[in-house]
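Undergrad: I have a structure I would like to understand better, so I am pasting it below and will then ask my questions one at a time.
The values are calculated or read from the model by the stated rules, or taken from the named source; none is laboratory data. The model shown is predicted, which means the values in this text are computed figures rather than measured ones. Using ideal geometry, Cβ is built from the backbone for each residue, glycine included, and neighbour counts are taken over all protein chains shown.
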């Protein structure tokens, strides 16, 4: 069973996006913290030892992930995020293959009444060819709009959505990448950049 949690939380003037998911292939429950689309830290709980126990259920796994997600949210609210993030050796963390979604043109997406998003999917830092991106575009006063694209040989994809600029400040885009049986989900908020 694939499940996860996504929450935005504000501390001082910074909005943190906290994403938790069960990484089934790595037997890892992972929480990542993003600021403006960039991952600033992670907390991970391996569960390989528990899988061997016949009494270990998906509900228990989900509860462990839920508790971890809540711990990170509370630490942000208390201004103590660094206390709960993984401090493991960077080489150990790098050994865990990460599926990631990057927004390449975040500073310039709206022109000619359209949003143009250039995205890159990486797997362990390298471009993921053939990753399927499912995009959910949520707008004020309108039903969500869904679209799908597939990445090219470099792991890049581009999508275009017609939209008036006035609706940008209240819109958000949820992007889920699926690749080699794994998923990564990112939420992006749209805002108008003052000239």
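Undergrad: Taking region 51-73, which residues are farther than 25 Å from residue 122 by Cβ and under 20 Å from the mean Cα position of the chain (by Cα)?
TA: 61, 62, 63, 64, 66, 67, 70, 71, 73
Undergrad: Check residue 8 against each of (1) surrounded by fewer than 13 Cβ atoms within 10 Å (Cβ to Cβ); (2) closer than 25 Å to residue 175 by Cβ and name the one condition it does not meet.
TA: Here residue 8 clears every test but (1).
Undergrad: Shifting gears a bit: Identify all residues within region 127-142 that are modelled with pLDDT under 80 and either closer than 25 Å to residue 98 by Cα or exposed (fewer than 12 other Cβ atoms within 10 Å of the Cβ) (or both); write none if there are none.
TA: Listed by number, the residues that qualify are 140, 141, 142.
Undergrad: Any residue that is part of a strand (DSSP E or B) and touching a residue at least 24 places away in the same chain (Cβ under 8 Å) - is there at least one of those in region 43-53?
TA: Checked region 43-53: at least one residue is part of a strand (DSSP E or B) and touching a residue at least 24 places away in the same chain (Cβ under 8 Å).
Undergrad: Do you know which residues across region 133-186 are closer than 15 Å to residue 123 by Cβ, part of a strand (DSSP E or B) and over 13 Å from the mean Cα position of the chain (by Cα)?
TA: 150, 156, 157, 179
Undergrad: Next up: State yes or no: is residue 147 modelled with pLDDT of 85 or more, within 27 Å of residue 22 (Cα to Cα) and touching a strand residue (DSSP E or B) at 6+ places or on another chain (Cβ under 8 Å)?
TA: Spelling it out, residue 147 is indeed modelled with pLDDT of 85 or more, within 27 Å of residue 22 (Cα to Cα) and touching a strand residue (DSSP E or B) at 6+ places or on another chain (Cβ under 8 Å).
Undergrad: May I ask you to list the residues in region 72-97 that are at pLDDT below 70 and outside any helix (DSSP H, G or I)?
TA: As a first pass, look at region 72-97 and keep what is at pLDDT below 70: 88-97.
Scanning region 72-97 gives 88, 89, 96, 97.
Undergrad: Would you point out the residue of region 27-42, among those that are out of contact with any helix residue (DSSP H, G or I) (no Cβ under 9 Å at 6 or more places or on another chain) and touching a residue at least 40 places away in the same chain (Cβ under 8 Å), that is farthest from residue 174 (Cα to Cα)?
TA: Ranking the candidates gives 39 first.
Undergrad: Looking only at region 98-115, count every residue that is modelled with pLDDT under 80, touching a strand residue (DSSP E or B) at 6+ places or on another chain (Cβ under 7 Å) and either assigned to a strand (DSSP E or B) or not assigned by TED's automatic domain parsing to the domain that holds residue 157 (or both) and tell me the total.
TA: Summing the residues that are modelled with pLDDT under 80, touching a strand residue (DSSP E or B) at 6+ places or on another chain (Cβ under 7 Å) and either assigned to a strand (DSSP E or B) or not assigned by TED's automatic domain parsing to the domain that holds residue 157 (or both) in region 98-115 gives 3.
Undergrad: Could you go through region 33-50 and let me know if any residue there is within 13 Å of residue 187 (Cα to Cα), within 15 Å of the chain's Cα centre (by Cα), modelled with pLDDT of 85 or more and surrounded by 13 or more Cβ atoms within 10 Å (Cβ to Cβ).
TA: Checked region 33-50: at least one residue is within 13 Å of residue 187 (Cα to Cα), within 15 Å of the chain's Cα centre (by Cα), modelled with pLDDT of 85 or more and surrounded by 13 or more Cβ atoms within 10 Å (Cβ to Cβ).
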